[in-house]
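The values are calculated or read from the model by the stated rules, or taken from the named source; none is laboratory data. All values reported here derive from a predicted model rather than from experimental measurement. Heads up, the Cβs are rebuilt from the backbone with ideal geometry, glycines too, and the neighbour counts pull from every protein chain shown. The area values use the complete protein model at the heavy-atom level, side chains included, leaving out ligands, DNA and RNA. Shrake-Rupley method; radii C 1.70, N 1.55, O 1.52, S 1.80 Å.
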Amino acid sequence: MSLDKKLNKILIIDFGSQFTQLIARRIREQGVFSKIVSHKKVKSKNIDNSIKGIILSGGPLNVYEINKYSFDRKIIKKEIPILGICFGHQILSKLNGGRVKQSKYREFGLVKINKKKDSILIKNFFNRENKSKVWMSHADQVSKLPKNFTVIASSQNSKFAIIENKKKKFYGVQFHPEVTHTENGKKLINNFIFLICKIKKNWSPKDQKLKLIQEVRKIVEKNKVICALSGGVDSSVVAQLLNKAIGKKLYCIFVNTGLLRKNEEMQVLKTFKKKLKINLIYVNAEKEFLRKLKNISDPEKKRKIIGNLFISIFEKYAKKIKNVKFLAQGTLYPDLIESKSVTGSQTSKIKSHHNVGGLPKKMKLKLVEPLKYLFKDEVRKLGSELNLSKEIISRHPFPGPGLAIRMPGIITKEKINILKEADFYFIQALKDQNLYNEIWQAYAALLPVKTVGVMGDNRTYEYLCLLRAITSEDGMTADFYDFKKTFIQMISNKIINNIRGINRVVYDITSKPPSTIELE
Ligand code: XMP
């Protein structure tokens with residue numbers, strides 16, 4: 001029997017919301033197992049007694065077109081607590097005799113809601129004035145209360161912002177409790193799973209590890225897998241996970257692109273080859289990368305060239321190793337959201353992350369991406385469960401295209417050497433001052449302008465170094481780190497005094513959005 005079937009769980013029925021994975025994450029972080037199924041696939045006959053509660057997600061559909069899409073309505077006849085979120089709230093209302101229509105005023109963003117009545121769902125959710133800030137994102141709304149439901153809270157535009165049928169344990173919320181912008185969203189979800197569904201904690205990073213190992217074995221079977229190892233947290237966790245799952249059938253390929261941080265090759269070889277005894281192939285492709293990138297300054301071109309070269313190297317080694325069927329990658333959930341465009345529209349693509357959007361369509365290897373539904377902090381916990389060292393787990397993210405995207409303009413060996421040094425001094429200073437772990441990601445970049453300076457009595461005309469340090473939860477939004485003036489002064493002096501080629505240092509104070517974390 002698979003691990004899933006044995007475990008009590010919360011079932012999340014997905015109607016296509018971009019936040020569905022966030023619902024699952026909120027439940028996982030409470031130590032409870034959850035499973036996501038598409039509304040098209042879930043059947044009431046498969047709802048067994050391991051399912052202690054159901055959450056209906058949001059989604060882009062319209063409830064009044066219910067006949068156009070498939071959903072087994074008998075599910076709501078089961079005696080299981082249900083929480084409907086946004087669209088889920090609307091469909092739950094409709095199926096219980098309520099009415100849904102397009103609302104006069106759309107509600108997007110932060111909205112204040114007012115408590116009307118007590119409910120177990122809202123324990124500790126409202127403030128003393130019986131108000132709470134929630135994140136709304138809807139154009140339709142419930143216009144007639146379903147039978148036997150009562151109103152728990154309302155906003156100015158949504159009379160039925162929270163509703164309940166206490167007897168049946170059905171709850172509907174028009175807003176998104178799973179996003180961090182909803183003030184006490186986590187509390188509301190916890191009240192649903194623990195106080196209403198009465199599920200017990202049953203899920204830990206160890207269970208997560210075992211489940212992922214089981215899944216990888218099932219996908220890979222007897223075939224060989226190559227893994228693109230960069231030495232960053234994500235690919236290191238994938239490599240170690242696959243090492244545990246399939247041992248010698250795994251071949252890690254570490255490509256030295258010449259665009260890595262200072263001493264990176266040595267550290268990766270020491271950890272993975274010597275310490276963890278993973279099958280590791282070291283490919284020095286420095287010259288090839290620099291040749292292909294010569295005179296290229298367009299960011300997307302850089303990314304595509306690097307992505308394609310990576311894949312052709314992997315394919316070449318896959319042929320050499322023979323019988324390789326899979327390529328393992330450390331793709332995370334936020335990478336998928338940003339690269340693939342959640343809404344499906346072309347325009348919302350931000351960048352081609354080299355391990356997602358940059359892949360050529362004709363790639364011959366099948367992908368194994370065991371972390372694709374996880375967020376960075378969850379990957380770190382998993383890494384620690386896999387006995388990876390603290391040093392690897394707590395490393396700041398480093399993008400696949402490496403220093404190429406931290407050097408706007410053309411790439412030269414001279415610029416790479418200057419940048420490697422600047423980055424090294426910056427990161428070392430953060431570590432020395434115990435700031436490294438307070439910061440989500442930090443790096444130095446080299447801007448393609450030279451400015452005039454004076455050192456000693458001499459004029460200098462050298463590059464501009466940009467430092468970036470941000471705080472973030474998952475890399476999807478970020479704020480700049482507020483350094484003390486003394487630190488900024490110290491690091492600026494250190495870089496200029498020690499590195500020939502830089503005579504000016506600036507600190508990037510933009511958040512994401514409007515900027516992105518990387519420069520390109
Ligand atoms: P942006 O610049 O999009 O970065 O705000 C968000 C996070 O993603 C990392 N990043 C990448 N990671 N391949 C990767 O593996 C890539 O092509 C890539 N581009 C950006 C970035 O460092 C940050 O942590």
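Mean sequence separation of contacting Cα pairs (under 8 Å, at least six apart), scaled by the length of the stretch 3-196, corresponds to a relative contact order of 21 percent. Hull volume per residue, based on the alpha-carbon atoms of the stretch 221-347 and their convex hull, is 131 Å³.
Computed from label points 7 Å out along Cα-Cβ, the spacing between residue 428 and residue 387 is 3.3 nm. Other residues within the sphere of radius under 15 Å centred on the Cβ of residue 479, judged by their own Cβ, net out at -3 (K and R +1, D and E -1). One decimal place: the segment residue 366-residue 65 gains 104.6 nm when fully extended, by the rule 0.36 nm per residue minus the C-alpha distance. For the stretch 196-287, the convex hull spanned by the alpha carbon atoms encloses 131 Å³ per residue.
Amide H contacts of residue 259 (H built 1.01 Å from N, in plane; Pro and chain starts excluded): no residue 5 or more places away or on another chain comes under 5 Å. Taking label positions 7 Å along the Cα-Cβ direction at both residue 487 and residue 459, the computed distance is 3.7 nm, reported to one decimal.
Secondary structure note: in the stretch 3-196, about 55% of the DSSP beta bridges are antiparallel. Measuring from label point to label point, each 7 Å out along Cα→Cβ, what is the residue 195 to residue 312 span in nm? With each label placed 7 Å out from Cα toward Cβ, I get 6.1 nm. Quick one: Debye curve from the alpha-carbon atoms of the chain only, equal weights, vacuum; give me log10 I(q)/I(0) at q = 0.05, 0.12 Å⁻¹ to two decimals. Cα-only, vacuum Debye calculation for the chain: -0.24, -1.15. Think of it as helices only: each DSSP H run of n ≥ 4 in the chain is worth -39500 (n - 2.57), and spread over all residues that comes to -8500 deg cm²/dmol at 222 nm.
Accessible surface of the chain, 1.4 Å probe: 50 percent of it comes from carbon and sulfur atoms. Restricting the stretch 170-262 to GluC sites (Glu not before Pro) that sit in a DSSP loop and have at most 10 other Cβ atoms within 10 Å of their own Cβ leaves 221. The stretch 15-74 and the stretch 408-430 have Cα centres separated by 47 Å. If you bin the C-alpha pair distances of the stretch 3-196 every 5 Å from 0, what whole percents do you get? Spelled out bin by bin, the stretch 3-196 gives 1, 8, 18, 23, 22, 16, 8, 2, 1, 0 percent. For the chain, the longest principal axis of the alpha carbon atoms and the long axis of helix 299-321 meet at an angle near 90°.
Contact order normalised by length for the chain, with contacts defined as Cα pairs under 8 Å and 6 or more residues apart; what percent is it?
Computed over the chain, the figure is 10 percent.
Here the relative contact order of the stretch 412-507, from alpha carbon pairs under 8 Å that lie six or more residues apart, stands at 29 percent. Among the trypsin sites (Lys or Arg not before Pro) in the stretch 34-110, those located in a DSSP loop and surrounded by at most 10 other Cβ atoms within 10 Å of their own Cβ are 43.
Centre-to-centre separation between the Cα atoms of the stretch 228-242 and those of the stretch 378-405: 8 Å. Rg and Dmax, both from the Cα atoms of the stretch 378-520 and both in Å, are 15.9, 56. Summed over the residues of the stretch 194-294 and divided among them, the accessible surface reaches 49 Å² per residue at a probe radius of 1.4 Å.
Percent antiparallel among DSSP beta bridges with both residues in the chain, to the nearest 5?
50
Mind giving me the FRET efficiency for residue 151 and residue 202? R0 is 35 Å, r the Cβ-Cβ distance, nearest 0.05 is fine.
0.55
Annotation note: trypsin sites (Lys or Arg not before Pro) in the stretch 184-247 located in DSSP loop regions with a Cβ neighbour count of at most 13 within 10 Å are 198, 200, 201, 222.
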